Amino acid sequence: MGKEIERKFLVHPRKWSDLGPGLVIRQGYLSASKQSSVRVRTYGDKAFLTVKGSTSDITRDEYEYEIPINDANEMLVDLCERPPIEKMRYRIVFKGHTWEVDEFTGENRGLTVAEVELKNAKEQVELPDWIDREVTDDPRYYNSNLSTKPFSTWK
């Protein structure tokens with residue numbers, strides 16, 4: 001069993017500078033509840049099926065499997081909740097950690113979130129100056145929730 005230990009932050013708009021090309025991500029949810037979620041994601045020319053358990057503090061169980069891209073594209077269209085999550089992902093290395101900055105498009109346009117994975121829940125991480133505020137504990141920012149209540153509907 002894999003473990004995902006991560007913190008999530010809002011990001012100042014484009015203060016994180018010009019990073020060059022990102023990678024397009026499309027994802028949808030086959031199932032999402034408080035106990036678990038099952039996600040299909042295309043990431044460039046690869047595709048994955050991911051099962052995640054409920055979050056405890058900043059940790060949750062995670063199982064991820066590569067699947068054929070054609071299967072993933074069919075599932076995104078035919079089986080997943082609408083709307084799909086669409087975003088451009090940038091990776092930024094800062095002070096020994098790799099940050100994944102997701103600039104959302106589609107129904108979540110205007111939202112930019114950065115995540116950093118940690119080795120353990122107590123690990124300290126230095127925050128870059130382009131970080132706005134932490135939203136790790138705010139379930140509105142979970143991708144599974146952005147799929148059913150997109151950022152564009154929050155206002």
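The values are calculated or read from the model by the stated rules, or taken from the named source; none is laboratory data. All figures in this text were calculated on a predicted structure; none of them were measured in a lab. All accessible areas refer to the heavy atoms of the entire protein, side chains included, with ligands and DNA or RNA removed. Shrake-Rupley method; radii C 1.70, N 1.55, O 1.52, S 1.80 Å.
Here's the list of lysines a cross-link from Lys149 could span, going by alpha-carbon distance under 17 Å and ignoring same-chain residues fewer than 8 apart: Lys34, Lys87. Normalised by the number of residues in the range 1-81, the mean separation of alpha-carbon contacts (under 8 Å, six or more apart) gives a relative contact order of 30 percent. A value for Cα extents along the principal axes in Å was derived from the coordinates, and within the list (i) 41, 32, 32; (ii) 46, 43, 27; (iii) 34, 31, 30 it appears as (i). Over the range 4-155, Cα pairs under 8 Å with separation of 6+ residues give a relative contact order of 30 percent. Between the Cα long axis of helix 69-78 and the first principal axis of the chain there is an angle of about 80°, rounded to the nearest 10.
Within straight-line reach of Lys95, meaning a Cα separation under 18 Å, sit the following lysines at least 8 residues removed in sequence or on another chain: Lys8, Lys15, Lys119, Lys122. The mean accessible area for residues of the chain, using a 1.4 Å probe and ignoring ligands and nucleic acids, is 56 Å² per residue. Calculate what fraction, in whole %, of the accessible area of the chain sits on carbon and sulfur atoms when a 1.4 Å probe is rolled over the protein chains. The value for the chain is 49 percent carbon and sulfur by accessible area.
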